[in-house]
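Comments concern the structure below.
The values are calculated or read from the model by the stated rules, or taken from the named source; none is laboratory data. This is a predicted model, so every value here is computed, not measured. Note: ideal-geometry Cβ built from the backbone for every residue, glycine included; neighbour counts use all protein chains shown. Side chains are part of the model used for accessible areas, which takes the heavy atoms of the whole protein and leaves out ligands, DNA and RNA. Shrake-Rupley method; radii C 1.70, N 1.55, O 1.52, S 1.80 Å.
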Amino acid sequence: MARPWVRRNFGEQRLWVWMPYEGGSNRRWLLEELGARIRPEWNKPARRWEIARKHLRVLTGALAERFGEVDVYLQFSVAEWCDTRCQQAQGDDCSCSCMGEQHGGAAYWRNWLLVGDTTLVSGARRERHLRVQARPQTSP
């Protein structure tokens, strides 16, 4: 069976998601996992779901639990400089050149050099590919 994937592209407002169809309804499953208020859209020509970016963490965890593992592709801009807004950010939606390393103060051990009002620290894009696996089940 093909492995499901989630892609967060730089500049896109929504996640792109593909998962195998296992009978039933993938739309219903998405609503059950992410909440009845989400609005997943099926992009028929591209054969993928499109879902709000804020659901990345919950979605990847749920897909890993359902299918065993999921490929996650995160795109970042090397031209978007990491700054104090990244360091102080809430949530996990980072698109700057640090590739999430500084996001939310994650690199608290580093010495920051402020070189402008907000700038702490290239136009191409970089991508990080992760594979998320389901947690092993523990015996009762």
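One table, with the values for the structure above:
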| read-out | value |
| --- | --- |
| Filtered residue count, segment 9-29, keeping only those that are buried (at least 16 other Cβ atoms within 10 Å of the Cβ) and closer than 13 Å to R48 by Cα | 7 |
| Check on Q90, at pLDDT below 90, over 27 Å from Q137 (Cβ atoms), open to solvent by 30 Å² or more (accessible area, probe 1.4 Å) and part of a strand (DSSP E or B) | no |
| Of all residues in segment 50-80 being in contact with a helix residue (DSSP H, G or I) (Cβ under 7 Å, 6 or more places away or on another chain) and part of a strand (DSSP E or B), the one that is farthest from T138 (Cα to Cα) | I51 |
| Residues of segment 1-26 satisfying the condition of being more than 14 Å from V70 (Cβ to Cβ) and either at pLDDT 95 or above or touching a strand residue (DSSP E or B) at 6+ places or on another chain (Cβ under 6 Å) (or both) | N9, F10, R14 |
